[in-house]
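Colleague: Just dropping this structure here.
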Amino acid sequence: MIPLIQDEICNKHKWISEEEILDIIAISETTPGPIAVNAATFVGYRVAGVLGAIFATIGLAIPSFVIIFVISFFYKDFIKIKFFDALFKGLKIGVILLLFSAVIRLFKSFKINLLGIIIFAIVLVVSIVFSFINITFNYLSLGLILAGIFTGLLITALSKRRENK
Amino acid sequence: MILFELFYTFFLIGLFTFGGGYAMIPMIQEQVVNKGWISETALTDFIAISEATPGPFAINIATFVGNSVGNVGGALLATLGVILPSLIIIIIIAAILKRFIKNRFVQGALKYVKPVVLGLILSTAITICLKVTMFQNGSLQSSINIDKKSIILLVMMIGFMLIYKQVKKKSLSPLKILGICGLLGIIIFI
């Protein structure tokens with residue numbers, strides 16, 4: 001998606017410089033919310049203010065919305081057909097492979113330190129244990145993400161104090 | 001009321017998604033599958049559909065779940081819910097707080113959210129893998145019921161992907177992975 005953004009926004013329309021778009025993408029990756037939506041909002045805002053942000057984001061959403069809306073009507077009937085049932089059984093294996101390769105890719109790009117690896121391991125064990133025991137707790141991921149945020153804030157605050165001494 | 005719940009749920013998911021696409025899946029599983037809005041199987045099917053169609057995963061999944069639960073209105077409100085946190089946060093950052101991102105505390109928080117998200121995605125990958133290959137009625141509490149065909153397909157694909165990477169010096173693209181799995185699925189499972 002990023003090459004497409006660069007081509008449309010910087011080369012064709014010359015709305016934003018190549019350098020600034022890299023900044024925008026970096027910010028979009030670090031703020032909460034899906035990256036594509038963040039980037040669309042940011043570019044829209046830089047070009048035409050709040051209205052620009054709203055229109056760019058709606059513009060991004062419409063094609064997906066329409067395509068998926070149509071597909072979701074057919075989905076239930078499709079999977080009743082033996083051919084599509086077999087197709088989707090195969091695709092499920094593909095999805096598993098995609099998830100594992102996403103984890104490997106992200107792990108390589110994150111530059112995680114030792115504490116990060118410990119946090120990663122704790123989260124992994126806790127969430128797997130939770131899926132095996134028969135408790136449905138809808139806010140486990142959210143709680144763990146918040147715990148991660150607070151750990152980060154705490155460590156930053158503590159490291160500041162150490163620098164002052 | 002269901003419409004408001006859809007909006008609120010996807011607003012929450014949008015607000016706590018750090019990183020792209022797959023980072024949402026653990027939360028979708030908790031918030032959407034546990035509420036019985038869509039089944040686990042439909043979610044995995046949909047991840048495949050979303051990979052094979054254009055558009056960001058977040059908007060695709062919101063539209064799909066919204067439509068299954070609350071028709072057109074549901075699809076619209078779920079999609080609005082998932083994009084609204086981005087819209088608000090990014091406008092604030094772009095308008096007044098551009099330096100906010102460089103702040104040490106923000107960077108510190110992000111540094112430790114990343115391993116959490118990574119752990120959550122891996123745990124989701126493992127549980128989905130177990131459900132598909134060993135617990136076919138979709139619950140990890142039920143008795144083990146091994147699906148040999150799925151395991152064979154999985155092992156074959158891992159082997160193929162490793163060989164492909166050695167020979168071509170790059171990874172197989174997501175669309176190709178799905179294409180091959182779908183094709184083999186038709187041959188094996190039909």
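Colleague: What's the number of the condition A:Ile58 fails, among (1) surrounded by 14 or more Cβ atoms within 10 Å (Cβ to Cβ); (2) touching a residue at least 12 places away in the same chain (Cβ under 8 Å); (3) out of contact with any Phe, Trp or Tyr (no Cβ under 9 Å at 6 or more places or on another chain)?
Modeller: Against the list (1) surrounded by 14 or more Cβ atoms within 10 Å (Cβ to Cβ); (2) touching a residue at least 12 places away in the same chain (Cβ under 8 Å); (3) out of contact with any Phe, Trp or Tyr (no Cβ under 9 Å at 6 or more places or on another chain), A:Ile58 comes up short only on (2).
Colleague: Now, a different point. Hey, any hits in region B:12-31 for a residue that's out of contact with any strand residue (DSSP E or B) (no Cβ under 9 Å at 6 or more places or on another chain) and surrounded by fewer than 16 Cβ atoms within 10 Å (Cβ to Cβ)?
Modeller: No: region B:12-31 contains no residue that is out of contact with any strand residue (DSSP E or B) (no Cβ under 9 Å at 6 or more places or on another chain) and surrounded by fewer than 16 Cβ atoms within 10 Å (Cβ to Cβ).
Colleague: Looking only at region A:61-79, decide whether some residue is assigned to a loop (DSSP other than H, G, I, E, B), more than 27 Å from B:Glu40 (Cβ to Cβ) and under 24 Å from the mean Cα position of the chain (by Cα).
Modeller: no
Colleague: Oh, and also: Does B:Gly66 satisfy the condition of being small (Gly, Ala, Ser) and surrounded by fewer than 20 Cβ atoms within 10 Å (Cβ to Cβ)?
Modeller: So B:Gly66 does not fit the description; no.
Colleague: Between B:Thr79, B:Thr44, which is facing another protein chain (nearest Cβ under 7 Å) and either within 26 Å of A:Tyr45 (Cβ to Cβ) or free of Cβ contacts under 8 Å to residues at least 60 places away in the same chain (or both)?
Modeller: Every option except B:Thr79 fails the conditions.
Colleague: Which of (1) facing chain A (nearest Cβ under 7 Å); (2) within 20 Å of A:Ile145 (Cα to Cα); (3) of a type in the set (S, T, N, Q) does B:Asn103 not meet, given it meets every other one?
Modeller: Here B:Asn103 meets the rest and fails (1).
Colleague: Of the residues that make up region B:143-153, is at least one facing chain A (nearest Cβ under 10 Å), surrounded by 15 or more Cβ atoms within 10 Å (Cβ to Cβ) and small (Gly, Ala, Ser)?
Modeller: Yes; the residues of region B:143-153 include at least one that is facing chain A (nearest Cβ under 10 Å), surrounded by 15 or more Cβ atoms within 10 Å (Cβ to Cβ) and small (Gly, Ala, Ser).
Colleague: Let me ask something else. Could you tell me which of the residues A:Leu153, A:Leu91, A:Leu87, A:Leu142 is in a helix (DSSP H, G or I) and either more than 8 Å from chain B (Cβ to nearest Cβ) or under 21 Å from the mean Cα position of the chain (by Cα) (or both)?
Modeller: None of the other options fit; the residue is A:Leu142.
Colleague: List the number of the failed condition for B:Tyr164; all other conditions in (1) modelled with pLDDT under 90; (2) more than 7 Å from chain A (Cβ to nearest Cβ); (3) surrounded by 15 or more Cβ atoms within 10 Å (Cβ to Cβ) hold.
Modeller: (1) is the only condition that B:Tyr164 fails.
Colleague: Considering only region A:57-78, how many residues are more than 24 Å from A:Asn38 (Cα to Cα) and more than 7 Å from chain B (Cβ to nearest Cβ)?
Modeller: 7
Colleague: Checking B:Ile59 against (1) at pLDDT 90 or above; (2) surrounded by fewer than 24 Cβ atoms within 10 Å (Cβ to Cβ); (3) at the interface with chain A (Cβ under 8 Å from one of its Cβ atoms), which test does it fail?
Modeller: Tallying (1) at pLDDT 90 or above; (2) surrounded by fewer than 24 Cβ atoms within 10 Å (Cβ to Cβ); (3) at the interface with chain A (Cβ under 8 Å from one of its Cβ atoms), B:Ile59 fails exactly one: (2).
Colleague: Okay, next question. Quick one: in region A:95-116, which of the residues that are more than 7 Å from chain B (Cβ to nearest Cβ) and aliphatic (A, V, I, L, M) is nearest to B:Met27 (Cα to Cα)?
Modeller: A:Ile104
Colleague: Another question, then. Could you figure out which of (1) under 30 Å from A:Leu51 (Cβ atoms); (2) under 19 Å from the mean Cα position of the chain (by Cα) isn't true of B:Lys102?
Modeller: B:Lys102 satisfies all of (1) under 30 Å from A:Leu51 (Cβ atoms); (2) under 19 Å from the mean Cα position of the chain (by Cα) except (2).
The values are calculated or read from the model by the stated rules, or taken from the named source; none is laboratory data. The structure presented is a predicted model; accordingly, all values stated were derived computationally and were not measured. Note that we place each Cβ from the backbone using ideal geometry, even for glycine, and neighbour counts take in every protein chain shown.
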